[in-house]
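Engineer: Take a look at this one; I'll ask things after.
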């Protein structure tokens, strides 16, 4: 290969172009944030200022966590041109198994309220969910059964299995430490931890931006102007600190706070105490899952293969990618995330019921699709899907606040889903 | 001529493959020497692409053997073929439309950082180098290849094949979707790669394409080899006769498919 190699000097970074292109911000994502802002402000006006209170936003974040976690996996499933209709049922059966495990099996060996109960239950949930996912993935990838059929069957099978675990009986209550996964008093991290987490997040944002800039400069690639990086850092850190402030503005209810203070030997003053809840554990877990999944999807070889398979399955095969194993892993990952969500749902309810997660598959798929995942495959982002979950949950909570009847809630959510996909299609066609 | 003396770079011996009872390739033997361009001709459906997909690892033959540098080579996946330095530019280009140029060029052979993450910066840098050679005006490194023109997409597919020091290059209808200027570019590239000692299989149904570039031609019809000939020993009409009628002229070496 001794052909004349042209000079590889980078093209001068374009001086023209809009502000958005300079910031290299995804316009779709911006549109979704705008839609979310409209929904939030609209509900706030209609509800007389109840929607945008720390209390409601805190609850909203906790309610979103379970579906948001599963939506991150659904993105990868849909990107590979598949679907998973069984996530709600996997959540159900996994929740039942860990419920029985911590109420009946583990206490037999460890005794009640042992510190190991919660971690073992979580590991069990991840293992069971992952195993179910891998098994379904094997049926899809190696036996060539369409994912729609395998997971439609799975929906019935695992929902039925959830019933069989205790022949339909609800299992309660959960281990005290395990309940932290559901948020609530046990799962609120408090003000100090919240500020520490926020500070770490801001530090990572700045370091990450700096590293990526230095790397591009070293290779002589065009970079964003410095002020653009500064704006992005400012906005991202601002969002993190704002979220932390809101979480810390929501105090524990008076009775709980009193019990909390007395347990720590703090004297209860006359006017009560303002003890901030801080960020809830399930929300922190969802954020971490989102970051890890984004890392897997964009920085790891596995993620590259997932997108390549979605873009052109034949090309992926011809490139030497083991497409079957990759596909099986995608479904395994989906099942594993269902296991994590099962912990959150079960802990939040403080009970394992065989109906847990019913219809979740539809919310999860809708979140991914509203978040810009293309059902034709190859396109989708983790952050978009999580934002999609937040949009769905905002609609639902907002309507509950306004006292809208349940049937009407479903009508609105369904209509919004169809509308969102239509608008997204229009946008995509226009930019092509 | 380098037909005598050197070991063939690639030799496919008595290859057969059937799909549902229909013999797509039937007892075909072809070979390729370093720095040689062999044109593989035949109608659509003659079995050219199928034969070549066996060499590139996409299909596993029912019978027959492949030798690389005289050594028996077991090629059952595309990864195996690449290990032997056999690279393919498919007629469909086989690009993942939703991924950028660097992602496609390194697909399945990603450069990783010491932490096991994708080293996108290195891959982009290498892509800029190889594309500068193939298509100096190429600038759209960050866009999914879906957004590129036909010629640019072709450049990406070629870059993917030659970047990893191919020794055997298979080009399946490389100019089918290109304009005259781009076709000339591909022809120049073929001659340049030939000079570097790379062996090239050029698959086409258009004999004019092949006559200008190939040293030898092999003609297939209905899955069988009609015959092979040095380009200077046969006329275009004789080759047309081989393609259409399966008639092997006296100056060519007849295969099992000659009538």
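The values are calculated or read from the model by the stated rules, or taken from the named source; none is laboratory data. These numbers were taken from a predicted model, which means no experiment stands behind them. Neighbour counts are summed over all protein chains in view; Cβ atoms, including those assigned to glycine, are modelled from backbone coordinates with ideal geometry.
Engineer: Out of all the residues in segment B:193-208, which are surrounded by fewer than 22 Cβ atoms within 10 Å (Cβ to Cβ), touching a strand residue (DSSP E or B) at 6+ places or on another chain (Cβ under 9 Å) and within 14 Å of another protein chain (Cβ to nearest Cβ)?
Structural biologist: Restricting attention to segment B:193-208, the residues satisfying the condition of being surrounded by fewer than 22 Cβ atoms within 10 Å (Cβ to Cβ) are B:194-197, B:205-208.
Retained after the next criterion (residues that are touching a strand residue (DSSP E or B) at 6+ places or on another chain (Cβ under 9 Å)): B:194, B:205-207.
If the condition is that a residue be surrounded by fewer than 22 Cβ atoms within 10 Å (Cβ to Cβ), touching a strand residue (DSSP E or B) at 6+ places or on another chain (Cβ under 9 Å) and within 14 Å of another protein chain (Cβ to nearest Cβ), then B:194 is the only one that fits.
Here is a yes/no grid of residues against (1) assigned to a helix (DSSP H, G or I); (2) buried (at least 20 other Cβ atoms within 10 Å of the Cβ):
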| site | (1), (2) |
| --- | --- |
| B:155 | yes, yes |
| B:184 | yes, no |
| B:191 | yes, no |
| B:210 | yes, yes |
| B:220 | no, yes |
| B:244 | yes, no |
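Engineer: Determine, yes or no, whether residue A:122 is in contact with a strand residue (DSSP E or B) (Cβ under 6 Å, 6 or more places away or on another chain) and assigned to a helix (DSSP H, G or I).
Structural biologist: When the stated conditions are applied, residue A:122 does not pass them.
Engineer: Kindly state which helices (runs of 4 or more DSSP H) lie completely within segment A:206-324 and contain at least 1 residues that are under 23 Å from the mean Cα position of the chain (by Cα) and within 30 Å of residue B:100 (Cα to Cα).
Structural biologist: Here the list reads A:226-248, A:281-299, A:301-311.
Engineer: Something else now. Answer yes or no: is there a residue in segment B:137-148 that is at pLDDT below 90, at the interface with chain A (Cβ under 7 Å from one of its Cβ atoms), surrounded by fewer than 22 Cβ atoms within 10 Å (Cβ to Cβ) and closer than 19 Å to residue A:218 by Cβ.
Structural biologist: No, there is no match, as no residue in segment B:137-148 is at pLDDT below 90, at the interface with chain A (Cβ under 7 Å from one of its Cβ atoms), surrounded by fewer than 22 Cβ atoms within 10 Å (Cβ to Cβ) and closer than 19 Å to residue A:218 by Cβ.
Engineer: Take the residues in segment A:114-149 that are in contact (Cβ under 8 Å) with a residue 24 or more places away in the chain and more than 25 Å from residue A:100 (Cα to Cα), then tell me which one is farthest from the chain's Cα centre (by Cα).
Structural biologist: Residue satisfying both the conditions and the ranking: A:142.
Engineer: Moving to a separate point now. Output the number of residues of segment B:103-136 satisfying the condition of being modelled with pLDDT under 90, within 19 Å of residue B:88 (Cβ to Cβ) and surrounded by fewer than 19 Cβ atoms within 10 Å (Cβ to Cβ).
Structural biologist: Looking only at that region, the number is 0.
Engineer: Okay, next question. Inspect segment B:157-174 for any residue being touching a helix residue (DSSP H, G or I) at 6+ places or on another chain (Cβ under 6 Å) and away from every other protein chain (no Cβ under 14 Å) and give the result as yes or no.
Structural biologist: yes
Engineer: Of the conditions (1) within 20 Å of residue B:257 (Cα to Cα); (2) crowded, with 19+ Cβ neighbours inside 10 Å, residue B:58 clears all except one; give me its number.
Structural biologist: With respect to (1) within 20 Å of residue B:257 (Cα to Cα); (2) crowded, with 19+ Cβ neighbours inside 10 Å, residue B:58 is out only on (1).
Engineer: Looking at (1) farther than 25 Å from residue B:229 by Cβ; (2) touching a residue at least 24 places away in the same chain (Cβ under 8 Å), which is the one condition that is false for residue B:55?
Structural biologist: (1)
Residues checked against (1) in contact (Cβ under 8 Å) with a residue 24 or more places away in the chain; (2) within 14 Å of chain B (Cβ to nearest Cβ); (3) touching a strand residue (DSSP E or B) at 6+ places or on another chain (Cβ under 6 Å); (4) buried (at least 16 other Cβ atoms within 10 Å of the Cβ):
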position: A:349; (1), (2), (3), (4): yes, no, no, yes
position: A:363; (1), (2), (3), (4): yes, no, no, yes
position: A:402; (1), (2), (3), (4): yes, no, no, no
position: A:407; (1), (2), (3), (4): no, no, no, no
position: A:417; (1), (2), (3), (4): yes, no, no, yes
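Engineer: Checking the condition within 14 Å of chain B (Cβ to nearest Cβ), in contact with a helix residue (DSSP H, G or I) (Cβ under 6 Å, 6 or more places away or on another chain) and in contact (Cβ under 8 Å) with a residue 40 or more places away in the chain, which residue from A:289, A:283, A:279, A:306 passes?
Structural biologist: Numbers: A:289 fails: within 14 Å of chain B (Cβ to nearest Cβ); A:283 fails: within 14 Å of chain B (Cβ to nearest Cβ); A:279 fails: within 14 Å of chain B (Cβ to nearest Cβ).
Only one candidate passes the filter, namely A:306.
Engineer: Also, quick follow-up: Would you tally the residues in segment A:80-107 being more than 15 Å from residue A:174 (Cα to Cα) and surrounded by fewer than 24 Cβ atoms within 10 Å (Cβ to Cβ)? Before the answer, list the steps.
Structural biologist: Looking only at segment A:80-107, we keep the residues that are more than 15 Å from residue A:174 (Cα to Cα), and these are A:80-93.
Among the residues that remain, those that are also surrounded by fewer than 24 Cβ atoms within 10 Å (Cβ to Cβ) are: A:81, A:83, A:85.
The number of residues fulfilling the criteria is 3.
Engineer: Output the residues belonging to segment A:47-58 that are in contact with a helix residue (DSSP H, G or I) (Cβ under 8 Å, 6 or more places away or on another chain), surrounded by fewer than 17 Cβ atoms within 10 Å (Cβ to Cβ) and in a helix (DSSP H, G or I).
Structural biologist: A:54
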